[in-house]
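Following: one structure in structure tokens, then a few remarks.
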Amino acid sequence: MIRIAADLILRAFVVLTGVALATFALLWHAPGDPALSIAEARYGTVVSKEVLDFIRAEAGFDTGFWTAFWAWLSPLLAGDFGQSSVTGRAVWPDLMTAMSYTLPLALVSLAIGLAISVPLALIATRRPGSWMDRGAVALASVGVAIPAFWLGLLLILLFAVQLGWLPAMGADTRAHAVLPALTLALGVAASLTRIIRSGILEARTQVFLPAFRRRGIPPRNIARDHVAPHAAIPVITVLGLELAFLLEGLVVVEVIFARPGLGSFLVNAIYARDFPKVQAVVLLAAVIFVIVNLAIDLIYRSLDPRMDGRNA
Amino acid sequence: MRSVVILVVVFALLMVFGPMLAPYDPTAINIPKRLQPPGGEWLLGTDALGRDILSRLLHGARWSLGLAFVVSFLGLMVGTCVGLIAAQGGRFADWIAMRTTDTFLAFPELIAAVVIAGILGAGTGTLVFALAVTGWMRYARVARGIGLSLATKGYVVQARLAGMHPLTIARWHYLPSLLPSLTVVWTGMFARAILGISALGFLGFGVQPPLPEWGTMLLDARIHMRSTPLQMIWPGIAVVVSVLAINLAGDALRDVLAEQESP
């Protein structure tokens, strides 16, 4: 177990190095003179060649790729995310402010998504093939196919424009979070319902279940002790994918609802070509994502001892 | 099953012949007739520049579905190659290929695509590049997994011992066994690509106006949500129905394959 854990942590380290390298290569190959766009954004006027050279030296653009990569990486390793190339403000505090909007929204959406999908999957699997089951599956299939940004727009149209019940833009009050959370939660619920449902159906095919039933163990106990843990395994394996899905949804949903979270932070930074901000979001998201997946991997392996090294 | 096949065929035909059915030029601007309601001369109404929405939807199929096809096919090519290299190339090649795959999987694909397309500059070329670069990893994992299980099969071992070239083995022994599973993966990735193209179009990083892509149309329609809400409905329905059709086709295909494997 320790050997496997060490191997997984080594992998996570290699992956994060790869992400850093890919991010830097992308910024390095960005079209246009980054010094020029920084100067334009910062001073708003045409600047002299000396100023451009100064900006290049300041940002390390005038050295070779690997030198620049190291010069770029070493402060990041020390936890210094630098300053915005547009406003000159430190990136980290702004990033944390954005995070304080995104994290609660993500967690609440995940919780609502689970609160919808678990009962729905339980109802659906009570009688597989019944109209309830078919209805739940149809609902989930449509839900998976709806893009988050369109669902968000439809909810704004219904609850903010037509009915006027809820605010659509901004993040001033709790009420502002209802529509974004609902948008994300419905998407999460749709994909989780499908997975939980097939997990339960699969778990019910285990060969020893009829033996338990004939021995007189109450169905409720069989469901709790033998079906539920087995059904949980596929759910845990896809939690990483679910998180990715949630983060992807967050980006567009925050843009639509004008919430000042990580997604808006990222998109606005790209629009402004504010690369220090872009790289900060990318690296932070990669670290979170890799750590969560590492944790899921370890939990999964402890649940299912059949997993060995090369099948991972 | 039959209804799914019909739906997919209808969409394939729409992608190829849709533009011919369009009653108007999708980019023809007609300001006096802007924001017309559906019905009458313009079946689905007109947008803020007086362009016929039905014509834009029909032409948009070629962009939204056509580009998704290209993207998912490029991913299939790259991913299969990486997976086969991992399965056939020995432990070192396997490690390199799989850590590269992990690196690309270390990030939500759509966000990576947004960052790549945004930084390299919006346009159709960068859109395809961004989505293909972030969309090959699942094929690689599936191809490698099946490849590893084939490597110990008698006929593959014999082919290798007989001195057959690895590419020949890949072509004649690996690909035929890979194709069914890769096709199932491909349907899922095709659906994801449609969602990705429309999401990037909606954020302004995808197909650029005046080209009629469904996500880009939604971006336009959003501004006029209060006056003409229906304008926002049509492109969304087009995305949902096509993604749904492809997902259902994928599910049906998976069921057929599962039945064949366990008779």
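Taking A:SER198, is it in contact with an Asp or Glu (Cβ under 8 Å, 6 or more places away or on another chain), of a type in the set (S, T, N, Q) and assigned by TED's automatic domain parsing to the domain that holds A:LEU151? In short, no.
Put simply, of B:ILE197, B:ILE169 the only residue that is farther than 25 Å from B:LEU65 by Cα, buried (at least 20 other Cβ atoms within 10 Å of the Cβ) and of a type outside the set (S, T, N, Q) is B:ILE169.
For the stretch B:71-108: of the residues being of a type in the set (S, T, N, Q) and over 18 Å from B:ARG171 (Cα atoms), which is farthest from the other protein chains (Cβ to nearest Cβ)? Filtering the stretch B:71-108 for residues that are of a type in the set (S, T, N, Q) and over 18 Å from B:ARG171 (Cα atoms), the one farthest from the other protein chains (Cβ to nearest Cβ) comes out as B:SER72.
Restricted to the stretch A:164-181, and to residues there that are buried (at least 16 other Cβ atoms within 10 Å of the Cβ) and over 16 Å from A:VAL108 (Cα atoms), the residue that is nearest to the chain's Cα centre (by Cα) is A:ALA168.
Considering every residue within the stretch B:179-189, establish whether at least one is within 12 Å of another protein chain (Cβ to nearest Cβ), touching an Asp or Glu at 6+ places or on another chain (Cβ under 9 Å) and of a type in the set (Gly, Ala, Ser).
no
The set of residues in the stretch A:69-98 that are of a type in the set (Gly, Ala, Ser), in a helix (DSSP H, G or I) and under 26 Å from A:HIS29 (Cβ atoms) comprises A:ALA71, A:SER74.
The residue list B:ARG226, B:ARG254, B:ARG192, B:ARG222 contains one member that is surrounded by 20 or more Cβ atoms within 10 Å (Cβ to Cβ) and of a type in the set (D, E, K, R), which is B:ARG192. Taking the stretch B:80-93 as the range and being under 19 Å from B:THR168 (Cα atoms) and assigned to a helix (DSSP H, G or I) as the test, the residues that pass are B:THR80, B:CYS81, B:VAL82, B:GLY83, B:LEU84, B:ILE85, B:ALA86, B:ALA87, B:GLN88, B:GLY90, B:ALA93. If you go through the stretch A:210-236 and keep only what is among the aliphatic types (A, V, I, L, M) and closer than 23 Å to A:SER302 by Cα, you end up with A:ILE222, A:ALA223, A:VAL227, A:ALA228, A:ALA231, A:ALA232, A:ILE233, A:VAL235, A:ILE236. Taken as a whole, the stretch B:130-140 holds at least one residue that is more than 30 Å from B:GLY60 (Cα to Cα) and either in contact (Cβ under 8 Å) with a residue 12 or more places away in the chain or surrounded by fewer than 18 Cβ atoms within 10 Å (Cβ to Cβ) (or both).
If the condition is being among the small types (Gly, Ala, Ser), loosely packed, with under 12 Cβ neighbours inside 10 Å and touching a Phe, Trp or Tyr at 6+ places or on another chain (Cβ under 9 Å), then the stretch A:47-98 contributes only A:GLY79.
Here B:ILE233 meets each of (1) among the β-branched types (Val, Ile, Thr); (2) surrounded by fewer than 24 Cβ atoms within 10 Å (Cβ to Cβ); (3) away from every other protein chain (no Cβ under 11 Å) with one exception, condition (3). Go through (1) without any contact (Cβ under 8 Å) to a residue 60 or more places away in the chain; (2) within 15 Å of B:ALA61 (Cα to Cα); (3) of a type outside the set (S, T, N, Q) for B:LEU161 and report which single condition fails. Looking at each condition in turn, B:LEU161 falls short on (2).
Among the residues of the stretch A:99-127, just one is charged (D, E, K, R) and either buried (at least 17 other Cβ atoms within 10 Å of the Cβ) or part of a helix (DSSP H, G or I) (or both), namely A:ARG126. Scanning the stretch A:132-163 for residues that are over 24 Å from the mean Cα position of the chain (by Cα) and either under 30 Å from B:GLY250 (Cβ atoms) or within 12 Å of another protein chain (Cβ to nearest Cβ) (or both) returns A:MET132, A:ASP133, A:ARG134, A:GLY135, A:ALA136, A:VAL137, A:ALA138, A:LEU157, A:LEU158, A:ALA160, A:VAL161, A:GLN162.
The set of residues in the stretch B:23-79 being among the aromatic types (Phe, Trp, Tyr), outside any strand (DSSP E or B) and at pLDDT below 80 consists of B:TYR24 alone.
The values are calculated or read from the model by the stated rules, or taken from the named source; none is laboratory data. This structure is a prediction, so every number in the text was calculated from the model and none was measured. Neighbour counts run over all protein chains shown; Cβ positions are idealised from the backbone, glycine included.
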